[in-house]
Number of protein chains: 2
Amino acid sequence: MEKFVTRASAAQPLKNADELIDSVETFIFDCDGVIWKGDKLIDGVPETLDLLRSKGKRLVFVTNNSTKSRKQYGKKFETLGLNVSEEEIFASSFAAAAYLKSIDFPKDKKVYVIGEDGILKELELAGFQYLGGPEDGAKKIELKPGFLMEHDKDVGAVVVGFDRYFNYYKVQYGTLCIRENPGCLFIATNRDAVTHLTDAQEWAGGGSMVGALLGSTQREPQVVGKPSTFMMDYVANKFGILKSQICMVGDRLDTDILFGQNGGCKTLLVLSGVTSLSMLQSPNNTIQPDFYTNKISDFLSLKAAAV
Amino acid sequence: MEKFVTRASAAQPLKNADELIDSVETFIFDCDGVIWKGDKLIDGVPETLDLLRSKGKRLVFVTNNSTKSRKQYGKKFETLGLNVSEEEIFASSFAAAAYLKSIDFPKDKKVYVIGEDGILKELELAGFQYLGGPEDGAKKIELKPGFLMEHDKDVGAVVVGFDRYFNYYKVQYGTLCIRENPGCLFIATNRDAVTHLTDAQEWAGGGSMVGALLGSTQREPQVVGKPSTFMMDYVANKFGILKSQICMVGDRLDTDILFGQNGGCKTLLVLSGVTSLSMLQSPNNTIQPDFYTNKISDFLSLKAAAV
């Protein structure tokens, strides 16, 4: 019987899906590039999830995308015809709020948000005070002599995620909070270089907004999304799962696969997103998942072949 | 007679200005924090420059600020009552155009600009085709399914400088050019964390805009402003000066003083800008200028005392 390869070895093509499925109790799926691409469901996903559920596997969906809340993500799954509950969804918007809860961030302090609605919604649900977000998207600075931007001295954390309404006002406001409010935290939902806002193109990701704040504050952020282990630890604690009983499935080496490996999970790379086989096998790539396959619905055919 | 200390030693307070003045033929001055602060001239600057000119010293003014062209900077000097010619001014806007000239950037290629008017003006004077800049400041992306941002395949360089009209459109456009146009250059006017747009506050600097592009492209830029040696080499070649005959005067350790040291010049830190004496003497600071003093007009009093 084939043994699971160690991470130091080159990734193996997935040949026997049943063996992988039987070896774990939970699958954590990245969404963009695994479940969908932009607004299109990837072929065979519903049947694959049904198969896994029929085998009693726990399914968790993790995304670095912070533009939506868990509830809003739930609607996206529903629209695409997938039967996934809110409690199975862990977006980095939720992770930001969960992180603040985990460190007992004071409720009388405020959070300044560079990011979209999902972060605001999750902060609100968690009972935190916040400001910024989309409503600062139209704000401008006025550079007459002596002009000074006031900032709220009660801001104790700046949360930065993908923000299509990103502007200089937000950069300066967030920078002032981080630089001038004693102990102010700098939290990044993710540092992804690209994101899939639409399926037609790769879009500059949350790494841009975080990079801008890093450039002005010269401070490193606390990342709560992949590949940081915060979400993995949170999921494992929440459901009481052993991490060795998890298989992380994703399309990105430097976020998904690293996230799985950092957490001590099994890892499966799918080639239905940003990573091609040649990128995986390039001598420049140092991140090797345990297995790779074209798409998650290979679980169906590889299962059939193995029987 | 006192010897000039080496850079490895701690900076010495400037005691004998005449000795320093006599030891070099050129003074390169940073502007913000040395000549002016925001829109206010620093005390005693006109008299100091007059003294140096009367002693036959060449004066050069170097700034990482790329929002103005040389010509526009000339007007700022004039407004402040300083008699400085355009040819004595080297802004990073000019450096970006000079860099492209130095590498024979093809005239049939285009430059995409994330930055302000100064860069556009200098590119135009140098005969380069450009797009972007302030006119992209109001552009938005529309994220309907299937939407794709078109970009000009003839863009061969993206120049990034401070941009108060910074937005997501520009990040995505610049990222597409750098990622998808073969050989496209990524040029930064500077990576300053802070800039002095007004004298009332420190403002997030060009490092923010550069950081955003770095986050999305994962490419390191070619920096043409301080502390890169490009401008120093350019000035030295232009005027036929030996770098050992230059004293670089600035208020920032990690740009001005490093710039002078990278170029093999003498260095003088003034405490009239962002750096305090305690920052200079902090055990965490590894950059030691040859000398430090409060402000350049100390040349007048230290001269008197030394006579």
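Below, the figures for the structure above:
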{"item": "Single residue of A:170, A:226, A:144 found to be among the basic types (Lys, Arg) and over 20 Å from residue A:100 (Cβ atoms)", "result": "A:144"}
{"item": "Members of region A:174-184 found to be in contact with a helix residue (DSSP H, G or I) (Cβ under 8 Å, 6 or more places away or on another chain) and either more than 9 Å from chain B (Cβ to nearest Cβ) or more than 25 Å from residue B:138 (Cα to Cα) (or both), listed by number", "result": "A:178, A:179, A:184"}
{"item": "Residue count, region A:215-241 (criterion: free of Cβ contacts under 8 Å to residues at least 12 places away in the same chain and either surrounded by fewer than 21 Cβ atoms within 10 Å (Cβ to Cβ) or under 17 Å from the mean Cα position of the chain (by Cα) (or both))", "result": "4"}
{"item": "Some residue of region B:260-271 being hydroxyl-bearing (Ser, Thr, Tyr) and free of Cβ contacts under 8 Å to residues at least 60 places away in the same chain", "result": "no"}
{"item": "Lone unmet requirement of (1) in contact (Cβ under 8 Å) with a residue 12 or more places away in the chain; (2) aromatic (Phe, Trp, Tyr); (3) crowded, with 22+ Cβ neighbours inside 10 Å for residue B:203", "result": "(1)"}
{"item": "Residue A:193 being within 9 Å of chain B (Cβ to nearest Cβ) and in contact (Cβ under 8 Å) with a residue 24 or more places away in the chain", "result": "no"}
{"item": "Flag for residue A:270 being touching a helix residue (DSSP H, G or I) at 6+ places or on another chain (Cβ under 9 Å), within 12 Å of chain B (Cβ to nearest Cβ), farther than 18 Å from residue A:89 by Cβ and among the β-branched types (Val, Ile, Thr)", "result": "no"}
{"item": "Per-region count, region B:118-164, residues in a loop (DSSP other than H, G, I, E, B) and either away from chain A (no Cβ under 14 Å) or of a type in the set (D, E, K, R) (or both)", "result": "13"}
{"item": "Members of region A:242-253 that are under 12 Å from the mean Cα position of the chain (by Cα) and either closer than 19 Å to residue A:187 by Cβ or within 14 Å of chain B (Cβ to nearest Cβ) (or both)", "result": "A:252"}
{"item": "Among the residues listed as B:188, B:200, B:157, the single one being among the aliphatic types (A, V, I, L, M), at pLDDT below 95, touching a Leu at 6+ places or on another chain (Cβ under 9 Å) and under 27 Å from residue B:69 (Cβ atoms)", "result": "B:200"}
{"item": "Flag if residue A:269 is among the aliphatic types (A, V, I, L, M) and buried (at least 21 other Cβ atoms within 10 Å of the Cβ)", "result": "yes"}
{"item": "Matching residues, region A:54-105, being crowded, with 24+ Cβ neighbours inside 10 Å and among the small types (Gly, Ala, Ser)", "result": "A:66, A:69, A:91, A:92, A:93, A:95, A:96, A:97"}
{"item": "Filter pass, residue B:277 being closer than 28 Å to residue B:39 by Cα and surrounded by fewer than 18 Cβ atoms within 10 Å (Cβ to Cβ)", "result": "yes"}
{"item": "Qualifying residue in region B:97-117 (condition: touching a Lys or Arg at 6+ places or on another chain (Cβ under 6 Å) and either in a strand (DSSP E or B) or in the same structural domain as residue B:247 (by TED's automatic domain parsing) (or both))", "result": "yes"}
{"item": "Complete set of residues in region B:206-223 that are outside any helix (DSSP H, G or I) and within 7 Å of chain A (Cβ to nearest Cβ)", "result": "B:218"}
{"item": "Conditions (1) within 12 Å of another protein chain (Cβ to nearest Cβ); (2) surrounded by fewer than 22 Cβ atoms within 10 Å (Cβ to Cβ); (3) within 23 Å of the chain's Cα centre (by Cα); number of the one not met by residue A:169", "result": "(3)"}
{"item": "Helices (runs of 4 or more DSSP H) wholly inside region B:15-90 that include at least 1 residues being assigned by TED's automatic domain parsing to the domain that holds residue B:264", "result": "B:17-23, B:45-54"}
{"item": "Criterion violated by residue B:244 - all others in (1) more than 20 Å from residue B:48 (Cβ to Cβ); (2) crowded, with 19+ Cβ neighbours inside 10 Å satisfied", "result": "(2)"}
{"item": "Of all residues making up region A:1-14, the number that are in a loop (DSSP other than H, G, I, E, B) and either at pLDDT 95 or above or buried (at least 18 other Cβ atoms within 10 Å of the Cβ) (or both)", "result": "2"}
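The values are calculated or read from the model by the stated rules, or taken from the named source; none is laboratory data. In this text, all values refer to a predicted model and were calculated from it rather than measured experimentally. Note that each Cβ is placed from the backbone with ideal geometry, even for glycine, and that neighbours are counted across all protein chains shown.
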